[in-house]
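Here's the structure we're looking at; comments come further down.
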Amino acid sequence: CNMVKSTGDGLKRGHIGGMVFRVVNGKQVIQEMPSSYRDRKSEKQLRQRSGMKNIVAAYRLVSKAIQECFEDAEGTKRPYHRFLYHNLLLDPVAMTANTIETGRWIPADYFLSFGSLPELHPEVRDDGVLFVPINTREWQSGDALRVIKIFLRQRFDDGTVGTFMEMEDIYCRPGIDYEMNISDPNLIAVACIHKRLTGSKWKCSTQRLILL
């Protein structure tokens with residue numbers, strides 16, 4: 001069974017999906033569980049380990065865009081750890097080959113942010129437009145809409161893809177909705193995150209990647 005505990009420091013201890021979570025010198029360490037603990041070749045374990053690798057590959061792709069997008073990343077809790085924490089709770093997306101070092105992955109609707117601002121509800125329209133409503137009551141002057149775009153570079157026979165990311169911050173006026181053209185056939189996923197700088201800390205909405 002999966003046994004993982006998150007204590008007051010936000011770091012994880014225990015094991016899940018054949019991965020062991022330990023804390024060494026205040027830092028999170030993640031290792032594969034020794035084969036003597038469980039059957040490393042079982043279909044379930046292979047899928048869970050592969051799913052972990054897919055999450056890590058996704059983080060490497062979007063890491064520059066989400067550094068301020070996890071409000072619970074404080075102290076010893078880094079965005080990397082919080083990205084893993086929230087996405088390990090989802091059903092694993094298994095790669096059929098060990099392709100993590102190449103940057104290839106299988107796109108999934110992972111969490112790219114976690115915060116206290118109200119969630120945005122983007123709408124993918126049939127005319128090739130992504131519509132993002134900007135609620136006047138929830139938006140303040142100076143707030144930013146972080147737009148993350150994932151583009152296809154190459155598809156592979158094992159189901160993985162090579163991709164690249166683009167991002168930009170749009171400073172929307174309260175009540176003025178945002179529309180984005182998503183008709184590019186190489187645009188395969190997007191995310192829109194509401195960000196607000198309060199003092200020296202960022203607040204954000206909880207958002208997942210939208211697969212197109």
Of the heavy-atom accessible surface of segment 128-198 (probe 1.4 angstrom), what whole percent is carbon and sulfur? 45 percent
Using a simple spin-label model with points 7 Å from Cα along the Cα→Cβ vector, what separation in nm is obtained for Asp109 and Arg208? 0.4 nm
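With a sphere of radius 11 Å drawn around the Cβ of Ile134, what net charge do the other residues whose Cβ falls strictly inside it have (Lys, Arg +1; Asp, Glu -1)? Please report the intermediate quantities before stating the final value.
On the way: positive: Arg137, Arg173; negative: Glu138, Asp143, Asp177, Glu179.
Local charge sum for Ile134: -2.
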Any idea how far apart Arg155 and Asn181 come out in nm if each label point goes 7 Å out from Cα toward Cβ? 2.4 nm
When the chain is fully extended, how far beyond the present Cα-Cα distance does Ile30 get from Thr102, taking 0.36 nm per residue of separation? 23.9 nm
Given a Förster distance of 30 Å, report the FRET efficiency between Phe164 and Arg137 from their Cβ-Cβ distance, rounded to the nearest 0.05. 0.25
Per-residue counts of other Cβ atoms within 10 Å, averaged by peptide: what ranking do you get for 160-169, 121-130, highest first? 160-169, 121-130
Sort 103-115, 180-192 for me by packing, meaning the mean count of neighbouring Cβ atoms within 10 Å per residue, highest on top. 103-115, 180-192
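The values are calculated or read from the model by the stated rules, or taken from the named source; none is laboratory data. It should be emphasised that the depicted structure is a prediction, and the values quoted were computed from it without experimental measurement. Cβ sites come from the backbone with ideal geometry, for glycine too, and all protein chains shown count toward neighbours. These area figures cover heavy atoms from the full protein model, side chains too; ligands, DNA and RNA do not enter into them. Shrake-Rupley method; radii C 1.70, N 1.55, O 1.52, S 1.80 Å.
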